[in-house]
Each structure stands twice: as structure tokens, then as C-alpha cells.
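Working notes, structure below.
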Amino acid sequence: MKPVRLLVLGALRRRGRTHGYQVRADLESWGAHEWSTATSGSVYHALKSMARQGLLVAHETVPSEAGGPPRIEYELTAEGEREYFTLLHSALTDREPALDVLAAAVGLIEDLPREQALRLLRERAGAMRQWTASITAHVPQDTDLDAWGPVGEVLSLWLTTAENGALWTQRLIRRLEEGAFTMAGED
């Protein structure tokens with residue numbers, strides 16, 4: 001999954017009917033152009049593509065005062081809303097999403113009810129535990145991975161990644177349990 005699709009759907013959902021320039025400006029205000037593939041061109045491409053797929057409705061508005069073509073405003077369809085939540089759920093439960101996809105999902109996590117976000121993150125934590133167990137199942141106990149050469153380094157990379165991902169996920173779960181953020185349905 002590419003983060004730009006999730007980010008564009010999330011920005012549109014939060015904004016309602018709006019034009020591509022505003023979506024791009026919102027994503028830039030989140031810094032998404034620095035940590036994801038959400039560049040100006042990719043945002044406009046995603047908008048047009050998702051409109052063709054029926055995820056968005058494109059509305060032509062008045063022509064540009066500078067003489068350009070009419071500005072197009074976009075809004076989510078019911079199918080676009082479903083796709084947004086499918087992508088958000090997938091990114092939050094995946095044990096190993098690309099970092100920019102996970103960052104996009106966490107940036108949009110407030111669109112979920114608290115209990116649902118917690119359930120998805122607990123599912124991610126469980127998948128990470130299973131992943132770690134599947135890696136360590138092939139390594140004899142008390143093995144010095146340094147002695148395994150490059151293969152040991154690969155195993156060390158995966159184990160360290162899984163451990164740090166699990167720690168971070170548990171921290172976010174704890175914060176949500178303690179009331180961090182204003183989640184969907186909360187005042």
C-alpha cells in the first residue's frame with residue numbers, strides 16, 4: 001500500500017468537499033511531503049485515479065480567474081469512505097507496514113473510536129509476537145548470532161525490528177488506554 005491513497009482519503013474525509021490544492025496544503029501542513037510519497041503530483045494523480053474508481057466524486061466549479069480550467073472539488077463517496085477505513089485498518093494491524101504507511105495511519109487514528117483503535121493495535125501487537133516467535137523458532141536457544149555471519153545479521157535485523165515495533169505499539173496502546181487524543185465519537 002502506498003501512503004498517498006490513505007492520506008488523500010483521510011484529508012478529504014476531514015475536510016469534506018474541497019479541491020486538490022487544499023488537500024495538498026493539508027498534507028504539507030502535516031509534513032507528509034517529507035516522510036511519504038505525498039508530493040504535489042502524486043496527490044493530484046491519486047485524486048483523479050480515485051475519482052475514476054468511484055471512490056470520489058469530482059465537481060467542476062467556476063473557471064479560474066486567471067483564465068485556467070475550472071477548479072475541481074472532490075468529495076468521498078460511500079465506497080471511498082469504506083476504502084479509507086479498510087486502508088486505515090490494514091495499516092494499523094499489519095505487523096510490518098512500510099514506515100510511511102504506518103505513519104499515515106497513526107496520523108489519522110483519531111478517525112476511529114478508541115476501542116476500535118485499541119483492538120486494531122492489539123491485533124498488530126499479537127501479529128508482531130507471532131512473527132518474533134516464528135523467527136526465533138528456527139534459532140537454537142543461546143545462539144550467538146554474530147557467529148552466523150551475514151545470516152546472523154539478517155536475523156538480528158528482523159528481531160530488533162520486531163522488538164522495537166512491539167515496544168512502540170505497546171506504548172501507543174498504553175497512551176490510548178490512558179485517554180490520549182480525542183477519538184471519533186468523543187467530545
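The values are calculated or read from the model by the stated rules, or taken from the named source; none is laboratory data. Since this is a predicted model, take the numbers as computed values, not measurements. FYI the Cβ positions are ideal-geometry reconstructions off the backbone, even for glycines, and counts take in every protein chain you see.
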Some residue of the range 12-25 being in contact with a Gly (Cβ under 6 Å, 6 or more places away or on another chain), more than 14 Å from Leu108 (Cα to Cα) and among the aliphatic types (A, V, I, L, M): no
Residue check, Leu159 touching a Ser or Thr at 6+ places or on another chain (Cβ under 7 Å) and more than 27 Å from Met183 (Cβ to Cβ): yes
Failed item in (1) surrounded by fewer than 16 Cβ atoms within 10 Å (Cβ to Cβ); (2) hydrophobic (A, V, I, L, M, F, W, C); (3) not assigned by TED's automatic domain parsing to the domain that holds Leu56, with Leu118 passing the rest: (1)
Selection within the range 38-79 - polar (S, T, N, Q) and either crowded, with 17+ Cβ neighbours inside 10 Å or under 18 Å from Gly10 (Cα atoms) (or both): Thr39, Ser40, Ser42, Ser49, Gln53, Thr77
Scope the range 80-111; condition buried (at least 18 other Cβ atoms within 10 Å of the Cβ) and more than 13 Å from the chain's Cα centre (by Cα); matching residues: Gly80
Ala32 surrounded by fewer than 15 Cβ atoms within 10 Å (Cβ to Cβ) and closer than 21 Å to Asp111 by Cβ: no
Scope the range 78-103; condition more than 19 Å from Ala166 (Cβ to Cβ) and at pLDDT below 95; matching residues: Asp100
Conditions (1) of a type in the set (A, V, I, L, M, F, W, C); (2) surrounded by fewer than 17 Cβ atoms within 10 Å (Cβ to Cβ); (3) modelled with pLDDT of 95 or more; number of the one not met by Ala25: (3)
Some residue of the range 177-187 being of a type in the set (A, V, I, L, M, F, W, C), surrounded by 11 or more Cβ atoms within 10 Å (Cβ to Cβ), in a helix (DSSP H, G or I) and not assigned by TED's automatic domain parsing to the domain that holds Asp94: no
